[in-house]
Amino acid sequence: MVEVVKYSEKYKAVWDAFVEGSKNGTFLFYRDYMEYHADRFTDHSLLIYKKGKLVSLLPANEVGQELHSHSGLSYGGFITDKRMKSTLMLKVIASVKLYLQVLGFRSVKYKAIPHIYHQQPAEEDLYALFREGGVLYRRDVNSVIELQKSHPYSKDRRWRLSQGRRTLVQLEVSRCFNSFFDLSKKRLKDKYNLSPIHTAEEMQQLATVFPENIKLYAATKDGALLAGALMYETSTVAHAQYLAASEKGRNLHALEVLVDWLLTEVYPHKSYFSFGVSTEQQGQYLNEGLVWNKESYGARTIVHDFYEIQL
């Protein structure tokens, strides 16, 4: 009754149409987004049919004898529509397991789609994972503001914001991706010895393909970039993919002014504002300074869970 089919280019239109009508899909699952870094992953995405009708998608790639729900995406489990119910999802996961066992896979690494991205309840997969022996092996802390409710800033954050407002910085949508990524790279290197996942060229290309979903906002003064926020927008969430400020911007508290503007004027109609995760080492280490910075805006924790199924 349930058939599992490996994705190929001929299914692109079908895949994208299903994502568009799904109850938990976002623009990250469109093939044009998934394939901007196709050279880095061996794609093994799946389409699942019941009696000839498409009922679910699984963005995935293979790593040796492991199948990963796609390593190149921030999140990404089974994509489903309003027809998906718990009993059907049990059959879907059982069929996917059998398909993978026949091909010689040994395990599945699965990262769920956080509930804040759901347009309607869509956690049938979590129950089915439990039934099929899925083991939680990683849990990340994601700091989120529920925008329709009160989210008071900390005393320190209010003071910084009041100081920043005195500088009269200009707030605007920007196309200066190169300048922003130069700033972001320097900040990540100096503070965390890290590099951005994306390049400026990649992000500019993606923003051109998805102009309603990927936007760069900037705080400037006298033409100089002081702070920036690269935002990923879905129907329910405004997610800060990158936040960065120059040394002058930090001294002038330009990022506080920019984030406050995003929260109060740009995105008050969204359900959630996500600052992203503050955990490392498979969730075992919490960067307390980083999470405090996010929580000082009123953000609180949701978890992002990762499961493993042995085959």
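Here is a list: 203, 231. Which entry is crowded, with 18+ Cβ neighbours inside 10 Å and touching a His at 6+ places or on another chain (Cβ under 8 Å)?
None of the other options fit; the residue is 231.
To keep it simple, each residue is scored yes or no on (1) touching a helix residue (DSSP H, G or I) at 6+ places or on another chain (Cβ under 7 Å); (2) not acidic (Asp, Glu).
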{"position": "162", "(1), (2)": "no, yes"}
{"position": "173", "(1), (2)": "no, yes"}
{"position": "184", "(1), (2)": "no, yes"}
{"position": "190", "(1), (2)": "no, no"}
{"position": "197", "(1), (2)": "no, yes"}
{"position": "200", "(1), (2)": "yes, yes"}
{"position": "207", "(1), (2)": "no, yes"}
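So residue 280 ticks every box in (1) over 18 Å from the mean Cα position of the chain (by Cα); (2) at pLDDT below 95 but one. Which box is left unticked?
In the conditions (1) over 18 Å from the mean Cα position of the chain (by Cα); (2) at pLDDT below 95, residue 280 misses (1) alone.
Considering only the stretch 75-116, state which residues are in a loop (DSSP other than H, G, I, E, B), out of contact with any Pro (no Cβ under 9 Å at 6 or more places or on another chain) and among the small types (Gly, Ala, Ser).
Selection gives 104, 112.
Each row is one residue, and each column tells you yes or no for (1) free of Cβ contacts under 8 Å to residues at least 40 places away in the same chain; (2) of a type in the set (Ser, Thr, Tyr); (3) closer than 19 Å to residue 152 by Cβ.
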| site | (1), (2), (3) |
| --- | --- |
| 270 | no, no, yes |
| 275 | no, no, yes |
| 283 | no, no, no |
| 293 | yes, no, yes |
| 304 | no, no, no |
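Just to verify a result, which residue in the stretch 1-11, among those that are surrounded by 11 or more Cβ atoms within 10 Å (Cβ to Cβ) and among the hydrophobic types (A, V, I, L, M, F, W, C), is modelled with the lowest pLDDT?
It comes out as 2.
Could you please find all residues in the stretch 12-51 being crowded, with 18+ Cβ neighbours inside 10 Å, more than 20 Å from the chain's Cα centre (by Cα) and part of a helix (DSSP H, G or I)?
none
So how many residues does the stretch 125-167 have that are assigned to a helix (DSSP H, G or I) and touching a strand residue (DSSP E or B) at 6+ places or on another chain (Cβ under 7 Å)?
1
Quick test for you: out of 275, 306, pick the one residue that is aromatic (Phe, Trp, Tyr) and within 18 Å of residue 188 (Cα to Cα).
Working: 306 fails: within 18 Å of residue 188 (Cα to Cα).
After ruling out the rest, the residue left standing is 275.
Considering each residue of the stretch 52-68, count those that are over 21 Å from residue 206 (Cα atoms), of a type outside the set (Asp, Glu) and part of a strand (DSSP E or B), and give that number. I'd like the intermediate steps shown before the answer.
Step one: of the stretch 52-68, the residues over 21 Å from residue 206 (Cα atoms) are 52-58, 62-68.
Filter once more, so that each one left must be of a type outside the set (Asp, Glu): 52-58, 63-65, 67-68.
Those left that are additionally part of a strand (DSSP E or B): 53-58, 63, 67-68.
Total meeting the criteria: 9.
Any idea which of (1) loosely packed, with under 13 Cβ neighbours inside 10 Å; (2) under 25 Å from residue 300 (Cα atoms); (3) among the aliphatic types (A, V, I, L, M) is the one residue 161 doesn't satisfy?
Status for residue 161: all satisfied but (1).
The values are calculated or read from the model by the stated rules, or taken from the named source; none is laboratory data. Everything quoted here is computed from the prediction, not taken from an experiment. Note: ideal-geometry Cβ built from the backbone for every residue, glycine included; neighbour counts use all protein chains shown.
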